[in-house]
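A.B. asks: Next up is a structure, given as structure tokens.
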Amino acid sequence: MSVKVRFAPSPTGLIHVGNVRIALMNWLFARREGGTFVLRVDDTDLERSTKLFEDQIVEDLHWLGLNFDERFNQSARFDLYEAARAKLVDTGFLYPCYETEDELDRKRKLQRAQGKPPVYDRAALSLTDAEKAKYEAEGRKPHWRFKLSGGRIEWNDLVRGPSHIDTSSVSDPILIREDGSYLYTLPSVVDDLEAKITHVIRGEDHVTNSAAQIEIFEALGGKGSSPALAHFPLLVGSDGEKLSKRIGGLSVKALREEEGIEPMAILSLLAKLGTSDAIEARSDLASLVSELDFSKVSRTPARFDFAEMERLNAKLLHETGFLAVRDRLEALGITAGETFWNAVRPNLNRLKDAADWWQLVEGPVTPVIEDADYAAKAASLLPDGELTRESWGAWTSAIKAETGRKGRELFMPLRQALTGQNHGPEMDVVLMLIGREKALTRLSGQAA
């Protein structure tokens, strides 16, 4: 059997780290098995879905390196859903219900008061044609429910292990609203069947839907037609709280454009969250493919820590060669070569931080000189020839020997003269990059 999986975002907003984790697990699984990764755009909500969000989803996936093999939109497949609807009605699986939301709410409250689970009582199944006609005459439009078997549905979850749900404990799911629009479930099942999806890998918030979906698969496609299921624990914050209120700031677009996070920092973190593997930076997706193992996934919620992602981001930059970032540096206005990059990269947390270094190197920097005599003495002791990182240590040792200064009194005036700042990057790197002539100019109090 050839493996085929899908990532099914809704183009009603930006995809965030929670979405990306599921997309990544599907992509890694498909690549490990030599299978197919499908992008299914869930845009049946025609009012809220937009082309802008759809294009952004595609752009984000490409930026992350999660390229898809096939792509389709649900909005182009309503004829398939109508055919499925007709089949389910004809076979007695789909039945009309006329209760209003208020009436259903009252039923649920009464059941709870009686100590019963709030499961739909299937009153609509006993309606006569005359009663249905009366409701229709009142202007009521039916919603349509799928009739569950009431039996025990079992499956071997690839993450959670042997799982089961008694469908007698859940309400018959609504598949079609009063206005005729489809909820998520029916189009999803139809598309998975038509596209021959073999594995559905998703978050554990869908576990409770699994039994109903398995029965809908079998009602439409026959016994054994349901894909294999894998449910991953959801992401929570580093404090254990839900990410729901913070998830907007963790969109791929924001992480890329506002935070300056590298794609492999995001993927390295998400691939290992909630597993027994150590969280370490990986430079390419091939490494994550070879390391994928669902048996290592914990049943507890995975803690997402932004600081951990920042650590991975810095680690990746520190190990990145010049050719990999040359074009991006040029886009930042940095025209320096490999020497500059190799000197500054150990000090970077974001690639965009290199622009601050470039400003110090290129200038003009307005030096801050509070003690001209001290600056002049320091200038006279500056080593001859090409400056290196080691020159900083030799220079400051000579200044200490000549002036008796040490600590902040020695170093701060040098920092202010060479960078115009009271804090900032490593001074040995600054000295090496600006060179002797520029250092002498700044120590004299002139901008350079």
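The values are calculated or read from the model by the stated rules, or taken from the named source; none is laboratory data. From a predicted model like this one, the values you see are computed outputs, not experimental measurements. Every residue, glycine as well, gets a Cβ built from its backbone with ideal geometry; the counts of neighbours run over all protein chains shown. These accessible areas exclude ligands, DNA and RNA; they are computed on the full protein's heavy atoms, side chains included. Shrake-Rupley method; radii C 1.70, N 1.55, O 1.52, S 1.80 Å.
A.B. asks: Here are some conditions: (1) crowded, with 18+ Cβ neighbours inside 10 Å; (2) in contact with a helix residue (DSSP H, G or I) (Cβ under 6 Å, 6 or more places away or on another chain); (3) closer than 19 Å to Phe93 by Cβ; (4) not acidic (Asp, Glu). Ser188 meets all but one. Which one does it not meet?
C.D. replies: (2)
A.B. asks: Kindly list, by first and then second residue, each pair from a residue in segment 353-377 that is over 26 Å from Gly260 (Cα atoms) and small (Gly, Ala, Ser) to a residue that is open to solvent by less than 60 Å² (accessible area, probe 1.4 Å) and in a helix (DSSP H, G or I), limited to pairs with Cβ atoms under 7 Å and residues at least 6 apart or on different chains.
C.D. replies: Ala375/Pro413; Ala375/Ala417; Ala375/Leu443
A.B. asks: Got a number for residues in segment 261-308 being outside any loop (DSSP other than H, G, I, E, B) and farther than 17 Å from Arg160 by Cβ?
C.D. replies: Of the residues in segment 261-308, 22 are outside any loop (DSSP other than H, G, I, E, B) and farther than 17 Å from Arg160 by Cβ.
A.B. asks: Can you pull out the residues in segment 384-420 that are open to solvent by less than 80 Å² (accessible area, probe 1.4 Å), touching a residue at least 24 places away in the same chain (Cβ under 8 Å) and within 20 Å of Ala448 (Cα to Cα)?
C.D. replies: Gly385, Leu387, Thr388, Trp392, Pro413, Leu414, Gln416, Ala417, Leu418, Thr419, Gly420
A.B. asks: Could you say whether any residue in segment 422-437 is open to solvent by less than 50 Å² (accessible area, probe 1.4 Å) and more than 28 Å from Leu317 (Cβ to Cβ)?
C.D. replies: no
A.B. asks: Would you pick out the residues in segment 309-348 that are in a loop (DSSP other than H, G, I, E, B) and surrounded by fewer than 16 Cβ atoms within 10 Å (Cβ to Cβ)?
C.D. replies: Hits for segment 309-348 are Glu319, Gly321, Leu332, Gly333, Thr335, Gly337.
A.B. asks: Out of everything in segment 235-289 that is crowded, with 17+ Cβ neighbours inside 10 Å and polar (S, T, N, Q), what residue ends up being nearest to Leu317 (Cα to Cα)?
C.D. replies: Filtering segment 235-289 for residues that are crowded, with 17+ Cβ neighbours inside 10 Å and polar (S, T, N, Q), the one nearest to Leu317 (Cα to Cα) comes out as Ser268.
A.B. asks: Which of the following residues is over 40 Å from the mean Cα position of the chain (by Cα) and over 30 Å from Ser49 (Cβ atoms): Lys132, Lys116, Lys109?
C.D. replies: Only one candidate qualifies: Lys132.
A.B. asks: Please go through segment 203-239 and pick out each residue that is outside any helix (DSSP H, G or I) and farther than 15 Å from Leu273 by Cα.
C.D. replies: Result: Gly222, Lys223, Gly224, Ser225, Ser226, Pro227, Ala228, Leu229, Ala230.
A.B. asks: Could you please find all residues in segment 25-54 being open to solvent by less than 70 Å² (accessible area, probe 1.4 Å), part of a helix (DSSP H, G or I) and either of a type in the set (Phe, Trp, Tyr) or out of contact with any strand residue (DSSP E or B) (no Cβ under 9 Å at 6 or more places or on another chain) (or both)?
C.D. replies: Across segment 25-54, the qualifying residues are Trp27, Leu28, Phe29, Phe53.
A.B. asks: Exactly one condition in (1) over 23 Å from Glu257 (Cβ atoms); (2) open to solvent by 20 Å² or more (accessible area, probe 1.4 Å); (3) in contact with a helix residue (DSSP H, G or I) (Cβ under 7 Å, 6 or more places away or on another chain) is false for Lys4; which is it?
C.D. replies: For Lys4, the failing item is (3).
A.B. asks: Looking only at segment 291-348, which residues are among the aromatic types (Phe, Trp, Tyr) and more than 20 Å from the chain's Cα centre (by Cα)?
C.D. replies: Phe322, Phe340, Trp341
A.B. asks: Would you mind finding the one in Trp155, Trp144 that is open to solvent by less than 50 Å² (accessible area, probe 1.4 Å) and over 30 Å from the mean Cα position of the chain (by Cα)?
C.D. replies: Exactly one of Trp155, Trp144 is open to solvent by less than 50 Å² (accessible area, probe 1.4 Å) and over 30 Å from the mean Cα position of the chain (by Cα), namely Trp144.
A.B. asks: Whether any residue in segment 71-80 is small (Gly, Ala, Ser), under 23 Å from Leu255 (Cα atoms) and surrounded by fewer than 19 Cβ atoms within 10 Å (Cβ to Cβ) is what I want to check.
C.D. replies: No.
A.B. asks: Sticking with this structure for a sec: State which residue is least open to solvent (accessible area, probe 1.4 Å) when the search covers only segment 95-141 and only residues that are among the hydroxyl-bearing types (Ser, Thr, Tyr) and without any contact (Cβ under 8 Å) to a residue 12 or more places away in the chain.
C.D. replies: Among them, the one singled out is Thr128.
A.B. asks: So for segment 101-120 (the condition being on the phi < 0 side of the Ramachandran plot and touching a strand residue (DSSP E or B) at 6+ places or on another chain (Cβ under 6 Å)), does at least one residue qualify?
C.D. replies: Taking every residue of segment 101-120 in turn, none turns out to be on the phi < 0 side of the Ramachandran plot and touching a strand residue (DSSP E or B) at 6+ places or on another chain (Cβ under 6 Å).
A.B. asks: Do we find a residue being within 24 Å of Val190 (Cα to Cα), touching a residue at least 24 places away in the same chain (Cβ under 8 Å) and out of contact with any Phe, Trp or Tyr (no Cβ under 7 Å at 6 or more places or on another chain) anywhere in segment 23-32?
C.D. replies: yes
A.B. asks: Right, something else. I'd like to know if segment 92-113 contains one or more residues that are acidic (Asp, Glu) and closer than 30 Å to Met1 by Cβ.
C.D. replies: no
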